Every structure is written in C-alpha cells, then in structure tokens.
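Here's the structure, in structure tokens; my notes come after.
Since every read-out is calculated from the coordinates, none of them should be taken as a lab result. This one's a predicted model, so the numbers in the text were calculated from it and none came from an experiment. Using ideal geometry, Cβ is built from the backbone for each residue, glycine included, and neighbour counts are taken over all protein chains shown.
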Amino acid sequence: MSTAIKFGTSGWRAIVAEEFTFANIRLAVDGIAAYVKTQPEPHRVLVGRDPRFLGEAFVAEAAKVLTEAGITPIVIPDAAPTPAIAYAVRELKTSGAINFTASHNPPEYNGIKFSTHDGAPALPEVTRQIEAAIAAPKGGGGNGVPSPFSPASETADVKPAFLKRLAELVDLKAIAKSGIKVVYDPFWGAGRGYPCHLLREAGVTVETVHDYRDVLFGGHAPEPDDHLLGDCKAKMKEIGAALGIATDGDADRFGIVDADGTFIQPNYIIALLFDYLVETRGWKNGVAKSVATTNLINALAEHHKVPLYETPVGFKYIGELIIADKIAIGGEESAGLTIRGHVPEKDGVVAGLLVAEMVAARGKTLGVQLRELFDKVGSFYPIRENFHLTPEVKAAFTEKLKTDPTELNGRKVTGVVRIDGLKLVLDDGSWVCYRLSGTEPVVRAYTEARREQDSEALRTAAKKFVLE
C-alpha cells in the first residue's frame, strides 16, 4: 500500500524501503509524466541522480515508466550535481528533469526533485498537478518490484557543458594568478570532479577530501556544516590553504572555511558575494533573499541602491527572479545561491568557485572582508535553531502565529512580516522569524541581533515566545 506522496520545497523525500519504494517511485514518476504530457511536445525528460544507494536502479525504473507513458527518457549515466542537471535541461531543451537525490539528508533517505522545462524547481502549481495525478485512481498498480523490460534510452553527459559555463562565470585566471591553495570536500557526493577539475585545469593548487563514492556518506548526513568539516580543515592546515569549499550530497548547497579554519556561515557568504558582484560585475539589477536570510543583505541593497526582493523560503521563488533577470544574486540562509545568467537553481559549485575568486581578487581573508562589510553597513548576527513541540504547544503556537504581537519579551515590535511564517522586527533592527515544519512537530526559529552580545537574550526571548 503506497503512502501519500507530497512534494515540499525541494521535492519528495522519504526513507528507502519504507516509503521510498519502487512502487511509490512508479507512482511519483507516473504523476510527473502526466504533468509533462500537458506541456508542448516533444516530451523528453532528463533522469539523473546523486551517488546514493540504489540510485542507478531508481533511474532505470523511472526511464521505464516514462517510456511506457510515451515520454523519451534521457539518462545521465553518472552521478551529477543538481545545478548541472538544471543547466542540461536548458541546454538540451527538455521538458524537465527527474533527479533522484535527498540532497543533504542522511544516507537512509532518497528523494525525487522535479525541474520544469526552464531548469527551475517545480513551482507549487506544478507540484499540485503532479500530486493530483499521483492520487488519481489507477488500474493494475504493479507488484512493488522493478519492471522486467529495459527501454532503449538516450543518454547525456552533463559535465562538459556545465564546466564550460562555470568557466565563463568565474575568473579562474585570477584565482590561479593569486597563488592561493584550496581544499575541496564533496562529501562523497555528486560534486566530485567538478570544482576541483576546473581549478586544477586553471593551474590552482587544490586538494580534496572524501573524493570517492560512499553511499553512507561517512555514516552521517552529507551536509557541509561546521561540525562535519574537520577533515577539510585538517587538510587546509596541512597544505596551508587559504580557503576550504564544500558541497552537499547533490552539490546544490555550499560550506565555506576561512584560512584560519573558521566556518563562515552561508548568510555571510551570500552578503559578501552580493557586494563583490556589484563591485566587479557592476550588476545592480537587484538582489533576492528568503525572509529568513540575514538583513545584512537588506542593508547592502540600500547601500548599493539596488532593488531588494524578499521571498518565501524555497529556492523556486528566487529561481523565478533569475529567469526574469531581476537579480544579480539570490540566496537562502540554508546555503543555497545562484547568480545572474546562470541556472534558476541552487548551485554549491559556483558558490565555492566565486568565493575562491573573491578571496583571490581581494587578497584578504573572508574574516577581514566581513569586518569591512560590517564597517560599511553595520553588523548582523544571525542564528537558526529548531524547537521541538508537544502537540499541545504546537496547537497553541499555531494560533499565536495568527496574531500581530506588539512586543517580544518587553521589546517593542515595529514590524510584522508574513511573507513566510511570522517575522517580528524589533525597534533596534534585530528580528525573529518563526516557521512551522510541515513534516514534523518542530518550529524553526531564526534570530538576528545587531550586536553580538545581544544574541543570547534575543534567542531566549524567541524561545519564550514559543513556549509561554
């Protein structure tokens, strides 16, 4: 018996052999096929994957289902980054792409991301159509095992064209000329052989860690976060690297380590790159950020006199602005960004390469650059944490989110933002944003103080508001 398949902000994810089964994969791909057939012909869909367990078998099964539906599957034989697949959709002019990945989630998960013909993550109106098609009654239904025949599929190597585009977007010569050394950690994921290949070809000294396939990702989530970057930091120290760059399981998210081993949080990387792109490219058409992302970007937009777009959480909304060429850069605090003239999808590969260019061109560590940014527009100290809720507390807090509070722990609320969840802006420019998880009894609380010494008090006030 299949369970309800729901496409969230980044597709459908589930635990392999529990909900992520061949039977449910067939249902999901059938639903995608039904949507694709409402679009203009020819109906051709890329099918790719990250290096997770059974990925090759899932791709083969999806190709069979698409063939049975009268759609031509184009199989990507090797694990490929999500942004490389997005670029291939646009280059090959396909109807979209099915990507088997659970991104940064733990190894027991897999998932399906569906990109539409523009290479962007499917918007809610598309995923609603897919979910409706999945839920529609069907005859037969199969027996839960892979189907026996193997269709003759087209194949595509997405790597060469994507690397060529990256080389056009990033000044690789400037990185090489600076003489900096770089360490790359692909976290055993789909980014293997991408940024390191480009840097080496350009003459940059680059070392890698975790540069082999491991379907268990070292026994933890393939997430380029501070607490998992120990091997990257050790290699940096060993070779005297100026920078460490990392990507997650499908290479759509990034992690950055400064020369002294300090992890620079994604909020700050997005802000630094925004400032750098305005400075070096002269792009002043706009900047986008999710509502939960640092207001340092708001301050920089004002400083550079650039339009600011604040979006709900979910990169698809930023992707729309990229397609319309309304922004130079768009980013989310959860380590996703892309830039003008590139894919309308998160790209951890281009993020790491641009940071390398920025460090090389400016000749300063990221820590120094960030302090200079604070001197220019003021300081910002963002933090994200999750609070687990009992059913009673969740019910009460859900009601509270519908209200417009005038104070937070005695502090005056000067602005209420409801782009996504509830964001309370306080009188000194600090803020708190709450978003309820759609899949678990958790509220995500984002806080940003204007002074580092005020962070703890703001976090305490944010927690009190949830629980009181």
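For the range 12-157, what D do you get in µm² per second when you plug the Kirkwood radius from alpha-carbon pairs into Stokes-Einstein at 4 °C and 1.567 mPa s? Approximately 87 µm²/s, per Stokes-Einstein. Two numbers describe the Cα atoms of the chain: Rg and Dmax, which are 22.2, 67 Å. Multiplying the residue separation of THR398 and ASN285 by 0.36 nm and subtracting their alpha-carbon distance yields 36.9 nm.
Of the trypsin sites (Lys or Arg not before Pro) found in the range 1-94, those that fall in a DSSP loop while having at most 15 other beta-carbon atoms within 10 Å are LYS6, LYS37, LYS93.
A cut-off of 5 Å between modelled amide H atoms, ignoring neighbours fewer than 5 places along the same chain, links VAL47 with ILE74, VAL75, ILE76, ILE98. Calculated mean residue ellipticity at 222 nm for the chain: -11000 deg cm²/dmol, from DSSP H runs with n ≥ 4 weighted as -39500 (n - 2.57), summed, divided by the residue count and rounded to 500. Considered as an equivalent ellipsoid built on the Cα gyration tensor, the range 57-102 has semi-axes of 17, 14, 8 Å, the largest given first. Pair-distance distribution P(r) for the range 1-79, from all Cα-Cα distances in 5 Å bins starting at 0: 3, 14, 25, 25, 21, 9, 2, 0 percent. Each other residue within a Cβ distance under 13 Å of LEU228 adds +1 if Lys or Arg and -1 if Asp or Glu, for a net charge of -4.
Scalar couplings 3J(HN,Hα) for the range 380-388, obtained by applying the Karplus form with A = 6.51, B = -1.76, C = 1.60 to θ = phi - 60°, are 9, 10, x, 9, 10, 8, 10, 10, 7 Hz; x denotes Gly and Pro. Under 5 Å between amide hydrogens, built in the peptide plane, is the criterion, and for TYR109 it picks out VAL16 among residues at least 5 positions away or on other chains. Across the range 193-209, coupling constants 3J(HN,Hα) worked out from phi with the 6.51/-1.76/1.60 Karplus curve, θ = phi - 60°, read x, 9, x, 5, 4, 5, 5, 5, 4, 7, x, 8, 6, 9, 10, 10, 10 Hz, and Gly and Pro carry x. Net charge dipole, the chain: roughly 640 debye, given to the nearest 20, about the Cα centre with Cβ charges of +1 for Lys and Arg and -1 for Asp and Glu. Each Cα pair of the range 321-401 feeds into the Kirkwood radius, which the Stokes-Einstein equation turns, at 10 °C and 1.306 mPa s, into a diffusion coefficient of 98 µm²/s.
The value of relative contact order for the chain, using C-alpha pairs under 8 Å at least six residues apart, is 13 percent.
Please give the length that would be gained between LYS93 and LYS376 if that part of the chain were fully extended, namely 0.36 nm times their separation in residues minus their C-alpha to C-alpha distance (nm, one decimal).
Between LYS93 and LYS376, full extension yields 97.5 nm more.
Reported value for the range 161-377: 109 Å³ per residue, from the convex hull of its C-alpha atoms.
Among TYR317, TYR381, the ranking by other beta carbons within 10 Å of each residue's beta carbon, starting with the fewest, stands as TYR381, TYR317. Other residues lying with their Cβ under 15 Å from the Cβ of GLY282 contribute a combined charge of 0, Lys and Arg counting +1, Asp and Glu -1. Across the range 27-38, computed HN-Hα scalar couplings (Karplus, 6.51 cos²θ - 1.76 cosθ + 1.60, θ = phi - 60°) run 4, 5, 5, 4, x, 5, 4, 4, 5, 4, 6, 8 Hz from first to last residue, x flagging Gly and Pro.
Its Cα gyration tensor gives the range 375-468 an equivalent ellipsoid, and the semi-axes of that ellipsoid, as √(5λ) in whole Å with the largest first, are 23, 14, 12.
May I ask for the net charge around ILE419, where only other residues with Cβ less than 15 Å from the Cβ of ILE419 are counted and Lys, Arg are +1 while Asp, Glu are -1? Computed value for this residue: 0.
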